[in-house]
Amino acid sequence: MSVYAPPAEDAAVAPAGRHRVGRSFGPIRWLPRILVLLPFVYWFLYRIPSNEAAAPIAADACIYAIVGLSLNILIGYTGQLSLGHNGFFGIGAFAAAYSLTVRDVPFAATFVVAALCGALFALFMGVVALRITGLYLALITLVFGLTLEESLFEVKFLTNAGAGQPADRPEFLFDDRNFFYFCLCFLLVALYIDYRLLKSKAGRALLALKENERVAEAFGINVTAFKLLAFVLSGTLAGVAGALLAYRIGIVTASGLGFNLALTFVLMTVVGGLGSRLGVVLGASLFASLGFLLESTWVHSVQSFLINVLSFGNETAKTNVESAIVGFIGALGLLLTIVLNPGGIAQQISPITRWLSGKPFSLHGDKEAGPASVEGSSVRA
Amino acid sequence: MSLARTVRKRRGLVVAVLAGALLTSACGLKPEVKDQLAQGGTGGGGGTTGGLDSGLGGTTGGTDATTTGGTTGGTTGGFAGGSTGGTTGGTSLTTGGSTGGSAAGGSTGGSTGAAAAPVQGQGTTTGIDFKNKTIRVVLHGPLTGAGVPQNSFKSGGPKYWEQSGPGGGPRLILGGYKVIAEAVDDKYNAQDALRACNAASKTAFLILGGAGTDQIQACGQSQVLRRANVPYLSSGVTETGLGSLPNYFATSLTYRQQSPLVIKMAQDNGFLKKKWAIVITGTPNFDDARESFTAELKKVRAQGAVGDFSDKDIFLTEKAPQNCVDVGNKLRAGGYESVYFLGQPLFFGQCVQQYPSATYTGPGPSFGIQSVADLACRTGVAGFKGFYLHPTPDKAMSQGLAKGAPAFTDDIEAGIWGAMQSLEQAFNLVQGPLSRESFTAALAKAGAPGGVLNPAVYNGGSRFGGTGAYVNRITCNGTTGAIKTIANYKK
Amino acid sequence: MDVIAIEFVVPVVSGAVQGCVYGLLGLGLVLLYKSGRIFNFAQAEMGAFAAFMTAFADQGSGFLPDMPVWAAVLFGLVTGVLLGLLVERVVIRPLFNAPKVTVVVATAGVFLFLFAIEGFLNGPGPRSATRIIDGNLLQSGGLRVTKLGGVIVLVLAALAATSALFFSRTRTGTAIIAVSQEPTATRLVGISVERTAAFTWGLAGLLGAIAGILLSGTNGVIAPGLLTGLALVPAFTAAVFGGITALPGAFVGGVVIGVIESFAASNIPKTIIPGSGKVVLFVALLVVLLFRPAGLLGKET
């Protein structure tokens, strides 16, 4: 319905009233907000990474968040539903692992290789997307991802087939905590790119493309160029994220990059909230750490309780339930989010984010300023 | 519609609950994890400063204590003595040691004998809980993904440590320590296996590879495991890349070592002279298995014992093929009578379904034979028969259990039970206080006599220590598969 | 002759039978697309769920009494219909005005949910599936067609023909089409959009259940997620290939896709192109979508 309006502009054009009053109080308005943010910063930047078991999961969260941002460019901004992001992601992962392990490319350069490979394959899909749109595009990207998984990722001399292509981290990143900060840097860069993109003419062009390609073209937007740009940018980010994953785990195999991963990527982006940067990052982090949260935090006791309830005290049923409970909770949360709150996490936390960005607190907020145009027609059949 | 609307009205509540859950879950880590953290931190620190002192005290205390008790007593005493000596100023070290030794030695030492209890700060003792006297070991296996019963991977370990001790109770080792064996899912792919192993290296004393070649190889080669000196024990699979690792041990015959035995098995049971096909996963980790068996088959073919066999009779498959239609067609078209099969259990079930008339053999799906046989038999393939080399025979299954313990549900459970039996033997080999380093050194020097499994012998040499394998015959007994051990082949 | 038989006849015949399985699953996909522009990613798993129920009832395991095969199959079909209705009521109807991407993701969510529920009931391991009929129709050399395969071909042909007639001849059928094209106008005429959608999903559930039960029978075993991995993507491809708006298209598309996939998989060695079946699928889909987006039997719109 509404075209996405960057928050800053939104504030600027907002009708005066309470906003202006608030602004005159300056520090008093910002102090509580900073106080609320501080513990978050402390937990996420210091406490969690310094836990040996949680640091790798935090790195996963960063990697997934980059993929989420990459997917958001396509689905959220441009309105192209891609179900083949496991392909771009995997290309990046294998490219990095192969160039490092087999070709002895320096560590830093492997990220360039991964980004280039991701971009190249995304460019191909972009060209396809010029002709094939809507749900058909979703289908062809899905098959694309699966084909890569079963075909290219199984080519022995590139990927070592089922055995997997190893990718060892350099010494300074061996510590999981350092590696988390390393991934975090990449995430920040990705966020900055995303931020700049939306601020620029290109970003507005992408949003226009999503609303209506023909109208956009009539306004002089080069549809071909911007569509390709969106794909290439998305593929680049996914490729880099793939490279990070390769180093995070130390090995890449095709069977870890299948249909389920492609689904997970789309789900986390939608659950996070299409079009919302913060929402996507939160959604991705949640999906990356769901298993860990359910196994290693206090949530575990909630989970055990659930398991007992669901299995009616039957021992066999209990083991079955145990093995499927993480997926169950994930799927249930997903369905609840979509049916009750199609705007995802971003919509759910919008009162808080609005307050943090300097506006007065209101539970219902103004819907217009929420993650833009979730209700709009994102993908047409 | 109205339902959705009411919930939408309560959005505030939903927001609050979700936000609260997220926040608290992120912050409130389970106490266990926190404990492990604290232990890792302080334990590491103690290792460098206190370790030297207590080491000196330990030896003195140890010699004193051996007269009264065992080595266990010696080290416990030594540790106590060392720390006392250290605090007093280092000159009275010997005195501290001897008093400590005699004090603690007599009581704990006598009961356990040669093996030594772990000591905090001596070597890497991650995974040992000194307060609750537990040692945590992790077993990784395909709880999902390969289509085998996951319950057996989980229950095999506890069945040994919790139910197979005296009177059906827990088994305690090293002077009262209890082993907690936990199974984690590797999802039948190397990537998730390595992820699981690396995570386990932070919390477990050692890691066991349950099944799955690619997964075992990935974990075996893990840098993280090697640097943290995590002992890694697995059933014998591939030899590629695992030959010279300091922390790796194969507890049964590798696929390459099994190849001549498969030929012998075929000869003894009368299916060697048939027409052969090889159906094998196309991973590089099966190259050694495929090449060695092909070579063996060609060798006996040259002696005229096998009919036509060439490389066109080898069928490579994907890692997790979705069905066996194509391979089934080819087996049927070629009229093969004996099939050497190495691959995923679920795929195996599908192939038997497609082409039941051959005799299937090989290392087989090296785990989950029972469930696969049940599947094959229940779906009406009554004529199905197979011969496998497998470390876990039915005879040993019946021998292994203590009185009062429940029977095994399948070969996976029995196999893991057997692996735990060998693990206990390995724990008892350790000289001096238990640590990852002392465990590795002790096991590498000797081996484990086994019981359910054939002995594993390392003797300071190759880590592919398997010495033999049982021959198991599978037939259909109504709708369930019946496994019978008919021989024990030595390498 | 022998070489031709192995390299040509066998893959073509077994591929055609396999393709009918894809077509059967594709029918449900076409129905939902035709009636509501929805790609249902849960279609295969809905079928699998019904197949699980059939297997449970057939083997009398756990929570169900041991039933004869026909009763078990009937039970499975009923579960399939109920499941379709439930999905429509709980997930699809609240999303009536949501963008298509949300609906598609919601069906993926249904897939994951069913996957978990099957895990609860069965565990992640395989279970032997119920086969409604045993034995071979013909077997010579490498060639084998099971009786079940024959049943699948017949069922698919019958269903494709019936549903085509249903959409062109019956009142309900035309109502479904009308709702898909002009929901508001249809409502004005007095047709309940909700009831039509519920009917469609119930029907899709039934088609899914038939496909799931027959498909798991030919596959021999059933496990959570297995049917989705095995047949969902080829079924989509078959549906699009044949023309996603034309019901008999699923039949034609299924057979074509099945044959080329099986032909590629058996004749292109894995060492040269791994996963050649999928590559061919991708290329076929790409070509059709680029040059004839309406599919083989669909009408250009």
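Coordinate-derived values only; no laboratory data. Computed from a predicted structure; not experimentally measured. In this analysis, Cβ positions are derived from the backbone assuming ideal geometry, glycine residues included, and neighbour counts consider all displayed protein chains.
In table form, for the structure just shown:
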item: Cβ charges +1 (Lys, Arg) and -1 (Asp, Glu), total dipole of chain C, debye; result: 620 debye
item: Kyte-Doolittle mean at least 0.5 and Cα axial length at least 18 Å: DSSP H helices in chain C; result: C:10-36, C:69-87, C:100-122, C:147-169, C:193-219, C:247-267, C:276-291
item: Sorted by Cβ density within 10 Å, fewest first, the residues A:T264, B:T361, B:T475; result: B:T475, A:T264, B:T361
item: Segment C:183-275, Rg to Rh (Cα coordinates; Rh as Kirkwood inverse mean 1/r); result: 1.13
item: Ranked list, fewest to most other Cβ atoms within 10 Å of each Cβ, for B:H390, A:H300, A:H85; result: A:H300, B:H390, A:H85
item: Lys, Arg +1 and Asp, Glu -1 on Cβ, resulting dipole of segment A:7-369 about Cα centre, debye, nearest 20; result: 1380 debye
item: Amide N proximity, segment B:287-319 versus B:K273 label position 7 Å along Cα-to-Cβ, cut-off under 11 Å; result: B:305-307
item: Over segment A:52-149: Kirkwood hydrodynamic radius from C-alpha pairwise inverse distances, Å; result: 14.5 Å
item: Shielding by other protein chains, C:207-219, mean Cβ within 10 Å; result: 1
item: Segment B:410-419 - phi-based ³J(HN,Hα) in whole Hz, Karplus 6.51/-1.76/1.60, Gly and Pro as x; result: 7, 5, 5, 4, 5, x, 5, 4, x, 5
item: In segment A:298-336, chymotrypsin sites (Phe, Trp or Tyr not before Pro) in a DSSP loop with at most 10 other beta-carbon atoms within 10 Å; result: A:F312
item: Förster radius 22 Å - calculated FRET efficiency between A:N314 and B:T409 (Cβ-Cβ, nearest 0.05); result: 0.90
item: Residue mean of other protein chain beta carbons inside 10 Å, B:209-222; result: 3
item: Segment B:123-220, relative contact order [Cα under 8 Å, separation at least 6], %; result: 38 percent
item: Other protein chain Cβ atoms within 10 Å, averaged over every residue that makes up C:9-21; result: 2
item: Extension gain (nm, one decimal) between C:R171 and C:R195, 0.36 nm per residue minus Cα-Cα; result: 7.3 nm
item: Length-normalised contact order for segment A:7-369 - Cα pairs under 8 Å, 6+ apart - percent; result: 28 percent
item: ³J(HN,Hα), Karplus 6.51/-1.76/1.60, whole Hz, each residue of segment B:193-202, x for Gly, Pro; result: 5, 5, 4, 5, 5, 4, 5, 5, 4, 7
item: Separation of alpha-carbon centers, segment B:200-244 and segment A:91-106, rounded to whole Å; result: 23 Å
item: At least 30 Å along the helix axis (C-alpha) and Kyte average at least -1.0, DSSP helices within chain A; result: A:107-131, A:176-199, A:223-249, A:315-340
item: Global form of segment C:1-122, assessed from the alpha-carbon gyration tensor, a/c cut-off 1.5; result: oblate
item: Karplus-derived 3J(HN,Hα), 6.51/-1.76/1.60, for each residue of segment C:185-192, Hz, glycine and proline x; result: 4, 4, 4, 4, 6, x, 8, 6
item: Alpha-carbon centroid distance for the pair segment A:167-196 / segment B:143-168, whole angstrom; result: 39 Å
item: Value in Å of the Kirkwood radius, where chain C supplies the Cα pairs that are averaged; result: 19.7 Å
item: FRET E, pair C:V283, C:T162, Förster distance 41 Å, beta-carbon r, rounded to 0.05; result: 0.80
item: Built amide H within the under 5 Å cut-off of B:N488, gap 5+; result: B:V471
item: Packing-based exposure ordering (other Cβ within 10 Å, fewest first) of C:L165, C:L24; result: C:L165, C:L24
item: Dipole in debye (nearest 20) - segment B:134-213, about Cα centre, beta carbon charges: Lys, Arg +1; Asp, Glu -1; result: 160 debye
item: C:L137 versus A:H300: modelled label distance in nm, points set 7 Å from Cα along the beta carbon direction; result: 5.5 nm
item: Förster radius 35 Å - calculated FRET efficiency between A:C185 and A:F219, Cβ distance, rounded to 0.05; result: 0.40
item: Size of segment A:263-366 as Cα extents on the principal axes (Å, biggest first); result: 52, 27, 25
item: C:R187-C:L74 pseudo-label distance in nm [points 7 Å out on the Cα-to-Cβ vector]; result: 3.9 nm
item: Space enclosed by the convex hull of the alpha-carbon atoms of segment A:7-369, per residue, Å³; result: 163 Å³
